[in-house]
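Trainee: Submitted below is the structure of interest, expressed as structure tokens.
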Amino acid sequence: MKEHVRYKVASKGVSVTENVNELIEKAEREGVKTAWHRFMEQQPQCGFGLLGICCRNCAMGPCRIDPFGAGASKGICGADADTIVARNLVRMIAAGAAAHSDHARDVNHVFKMATKGETEFYRITDREKLKSIAQALGVETEDKDITEIGAQVAEILDSEFGKQDDEPLRMLKALAPKRRSEIWDKLGVMPRAIDREICECMHRTTMGVDADPVSLLLHGVRTALSDGWSGSMMATYLSDILFGTPKPIKSSANLGVLKEKMVNVIVHGHNPILSTKIAEIATSEKMQALAKEKGAEGVNVAGICCTGNEVLMRMGIPPAGNFLMQELAIITGAVEAMVVDYQCLMPALVDVASCYHTKIITTEPKARIPGAKHVEFSPERADEIAEEIVRIAIDNYPNRVREKVFIPKGKMDLVAGFSVEAILNALGGSLEPLISAIEDGTIKGIVGVVGCNNPRVIHNNSHVTITKELIKRDILVVGTGCWGIAAGMHGLLGLEATKEAGPGLRKICEALSVPPCLHMGSCVDCSRILIALGAISETLGVDIPDLPVAGSAPEWMSEKAVAIGTYFVASGVFTHLGIIPPVLGSEKVTKILTEEVENLLGGKFYVEPDPIKAVEGIYNHILSKRKKLGLS
Ligand code: SF4
Ligand code: MSK
């Protein structure tokens, strides 16, 4: 569907990533709109929405609060700005936690099938990881068959979602540092069951229930904790158990990973259950031969967003781009199929694909897009379905319009696959070398940079600027999600990047042969960062808020990022946000999130859109923590 592109953005330099601006120019020439164009069409965006002070939680509304004090100060029911802002934020946390945790539920479903022998397509790959989580959860492992251990673990994990008792979540109890658990317990924010906390968010925020912003926000914390220390954590553990715990692996990133003479299949979304199968089947001899019959040189698989990260981390499948590049991949004219599971999929993919020959293939019953071809995934027939999808892509190759093909050349080499286990391995099996490097100042601290892209800011600029500035200051950067792909496309995940690091960090990275920025995986793998923080704090004998560490989501956009940010803060981490969250309509909520919460939980939000100023804030925080620990 060719459209009239009213606002041209190509000349504005909307990205710092090579290739992006070139493809936007191509889109404008071919009458194709992207998220950047639709962003312009949305201007000016609603001020009430930006401030978080509109409510439509009942049919007496919608209500909105006048931020200047001249008009309504309360909704029809009497809810004020503080209540409305807090309720809206809690609903964002609930949605984010639901997305991560429902993903975990799906992985546990397949894991359970594997332990019962109900699927021949999935098996337990990392037995040691399964045994370690089993032991942590109190499952007897001695003299037991691995599938029996797995079945018991799966039962416990199932109960994490819907158990009705008031006991803490079992994953959290098993894995979170004791000091943290005591604080959560004292505050009354210890999560009991994932679905229960999400359900209670919806209950509390419906018309006429919880009007107290403090009580609402505390429940938001409880829900986010159920995501970080159980839902997301479960997705990470089970994906590692099924597909293998990531180890350092070489690959490359950017649209240049697409191949001109091959059938290009892109996997996009979040869940590795199908994307791993697509990658396996597509590279099989049978499919390569079939592609040759159609005149291609073979089949090439690339990733977008976190499904891309999942197959990058374990299989080295190269990412073609991050969130804002999903439409651009199609605009190359060289993608035969984009196979999506769920989360971060723009419905506009179908509009863009209609201008080219690309097939958008939805696979999940809970994530359908009008106009897309739906091939429903089922783990019982995983290989068959993966083959059906790859065949659709191959059959589509002859439909490619040669004159419309433009694959920008640029791509960068990278090393990904830094699970906590892989980091420990690089360190020789113990955290001690990292701890002593932090203690003697060779490394000043660690920052987890995570999250999405957002057309409010220049694409990838904040990711790249913040990362470069941090490593220059001898701060080790770890991260996940679309940050990982941004860092990869800008050469920051390659060994060459050590040259950009400060002298201390460079020395350590060269000695260990690792880059100064470690890609730890997809969004659910922020749980790996929690595990690493817990291990460092326990080795040092201090609580997480005392560590010289911070988090940053420079270009976030998803509700999942709100859940992640909140569980980072609740876990004691100073957390930078580069996009202003919709809370400024309430001074009280803003103050709680950016100041007062620190007294309760040890972490707080720090909001700074300017990446250079943000680094100053993060760096000063790290120096102040070092000083408190008595480190130079
Ligand atoms: Fe308005 Fe209250 Fe209804 Fe919200 S819940 S729409 S503030 S009346
Ligand atoms: S994919 S949640 S845009 S990181 Fe996980 Fe990227 Fe953010 Fe989606």
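Trainee: Does at least one position in segment 515-526 carry a residue that is within 16 Å of ligand 2 (Cβ to nearest atom), open to solvent by 10 Å² or more (accessible area, probe 1.4 Å), more than 26 Å from Pro248 (Cα to Cα) and under 25 Å from the mean Cα position of the chain (by Cα)?
Mentor: Scanning segment 515-526 turns up no residue that is within 16 Å of ligand 2 (Cβ to nearest atom), open to solvent by 10 Å² or more (accessible area, probe 1.4 Å), more than 26 Å from Pro248 (Cα to Cα) and under 25 Å from the mean Cα position of the chain (by Cα).
Trainee: Then there is this: In segment 47-81, how many are closer than 13 Å to Ala211 by Cβ and either crowded, with 20+ Cβ neighbours inside 10 Å or at pLDDT below 95 (or both)?
Mentor: 5
Trainee: From the residues in segment 568-595 that are β-branched (Val, Ile, Thr) and part of a loop (DSSP other than H, G, I, E, B), which one is nearest to the chain's Cα centre (by Cα)?
Mentor: Taking segment 568-595 and keeping what is β-branched (Val, Ile, Thr), we get 569, 573, 575, 579-580, 583, 589-590, 592, 594.
Imposing the further condition that a residue be part of a loop (DSSP other than H, G, I, E, B) reduces the set to 573, 579-580, 583.
Numbers: Val573: 17, Ile579: 16, Ile580: 18, Val583: 22 Å.
By that ranking, first place goes to Ile579.
Trainee: Another question, then. Would you tally the residues in segment 310-328 being more than 13 Å from ligand 2 (Cβ to nearest atom) and open to solvent by 10 Å² or more (accessible area, probe 1.4 Å)?
Mentor: Here the count works out to 5.
Trainee: Which number in (1) open to solvent by less than 70 Å² (accessible area, probe 1.4 Å); (2) of a type outside the set (Gly, Ala, Ser); (3) in contact with a His (Cβ under 9 Å, 6 or more places away or on another chain); (4) outside any helix (DSSP H, G or I) marks the one condition that Tyr7 misses?
Mentor: (1)
Trainee: So the check is Cβ under 6 Å with 6+ separation or different chains; which pairs have a first residue in segment 120-136 that's without any contact (Cβ under 8 Å) to a residue 60 or more places away in the chain and a second one that's open to solvent by 40 Å² or more (accessible area, probe 1.4 Å)?
Mentor: Partner pairs satisfying both residue conditions: none exist.
Trainee: Restricting attention to segment 52-65, does a residue exist that is among the hydrophobic types (A, V, I, L, M, F, W, C), out of contact with any His (no Cβ under 9 Å at 6 or more places or on another chain) and away from ligand 1 (no atom under 16 Å from the Cβ)?
Mentor: Residues of segment 52-65 among the hydrophobic types (A, V, I, L, M, F, W, C): 53-55, 58-60, 63, 65.
Now restrict to residues that are out of contact with any His (no Cβ under 9 Å at 6 or more places or on another chain): 53-55, 58-60, 63, 65.
Keeping just the survivors that are away from ligand 1 (no atom under 16 Å from the Cβ) gives none.
There is no residue in segment 52-65 that is among the hydrophobic types (A, V, I, L, M, F, W, C), out of contact with any His (no Cβ under 9 Å at 6 or more places or on another chain) and away from ligand 1 (no atom under 16 Å from the Cβ).
Trainee: Kindly list, by first and then second residue, each pair from a residue in segment 370-396 that is more than 22 Å from Leu345 (Cα to Cα) to a residue that is in a strand (DSSP E or B), limited to pairs with Cβ atoms under 6 Å and residues at least 6 apart or on different chains.
Mentor: Ile394/Val263
Trainee: Can you give me the ranges of the helices (runs of 4 or more DSSP H) entirely in segment 431-513 with at least 2 residues that are over 21 Å from Gly410 (Cα atoms) and away from ligand 1 (no atom under 16 Å from the Cβ)?
Mentor: 432-439, 461-472, 503-512
Trainee: Tally time: how many residues in segment 401-430 are open to solvent by less than 20 Å² (accessible area, probe 1.4 Å), in a loop (DSSP other than H, G, I, E, B) and of a type in the set (A, V, I, L, M)?
Mentor: Filtering segment 401-430 down to residues open to solvent by less than 20 Å² (accessible area, probe 1.4 Å) leaves 407-408, 410, 414, 416-419, 422.
From what's left, in a loop (DSSP other than H, G, I, E, B): 407-408, 410, 417-419.
Subset that is of a type in the set (A, V, I, L, M): 407.
Of the residues in that region, 1 qualify.
Trainee: Determine which single condition Leu216 fails, assuming it passes every other condition in (1) part of a helix (DSSP H, G or I); (2) free of Cβ contacts under 8 Å to residues at least 60 places away in the same chain; (3) not aromatic (Phe, Trp, Tyr).
Mentor: That leaves (2) as the condition not met.
Trainee: Follow-up. Under 6 Å between Cβ atoms, at least 6 apart or on separate chains: pull out the pairs that start in segment 195-208 with a residue that is over 18 Å from Arg56 (Cα atoms) and end on any residue that is of a type in the set (Gly, Ala, Ser) and surrounded by fewer than 19 Cβ atoms within 10 Å (Cβ to Cβ).
Mentor: Asp195/Gly162
Here is a yes/no grid of residues against (1) touching an Asp or Glu at 6+ places or on another chain (Cβ under 8 Å); (2) without any contact (Cβ under 8 Å) to a residue 24 or more places away in the chain:
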{"position": "Gly429", "(1), (2)": "no, yes"}
{"position": "Leu434", "(1), (2)": "no, no"}
{"position": "Ser462", "(1), (2)": "yes, no"}
{"position": "Ile471", "(1), (2)": "yes, no"}
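Trainee: Those residues that are surrounded by fewer than 20 Cβ atoms within 10 Å (Cβ to Cβ) and not in a helix (DSSP H, G or I), I need them from segment 284-309; list them, please.
Mentor: Correct list: Ser284, Lys294, Gly295, Glu297, Gly298.
Trainee: Let me ask you something else. Inspect all residues belonging to segment 555-563 and state whether any of them is away from ligand 2 (no atom under 16 Å from the Cβ), in a loop (DSSP other than H, G, I, E, B) and surrounded by fewer than 24 Cβ atoms within 10 Å (Cβ to Cβ).
Mentor: Among the residues of segment 555-563, not one is away from ligand 2 (no atom under 16 Å from the Cβ), in a loop (DSSP other than H, G, I, E, B) and surrounded by fewer than 24 Cβ atoms within 10 Å (Cβ to Cβ), which makes the answer no.
Trainee: Answer yes if at least one residue in segment 223-240 is under 27 Å from Asn599 (Cβ atoms), away from ligand 1 (no atom under 16 Å from the Cβ), open to solvent by 20 Å² or more (accessible area, probe 1.4 Å) and hydrophobic (A, V, I, L, M, F, W, C), and no otherwise.
Mentor: no
Trainee: Here is a further query. Within segment 363-400, work out how many residues are open to solvent by 80 Å² or more (accessible area, probe 1.4 Å) and polar (S, T, N, Q).
Mentor: 1
The values are calculated or read from the model by the stated rules, or taken from the named source; none is laboratory data. Worth saying up front: this structure is predicted, and the values here are computed from it rather than measured. Every residue, glycine as well, gets a Cβ built from its backbone with ideal geometry; the counts of neighbours run over all protein chains shown. To get the accessible areas, we keep the full protein, side chains included, count just its heavy atoms, and leave off ligands, DNA and RNA. Shrake-Rupley method; radii C 1.70, N 1.55, O 1.52, S 1.80 Å.
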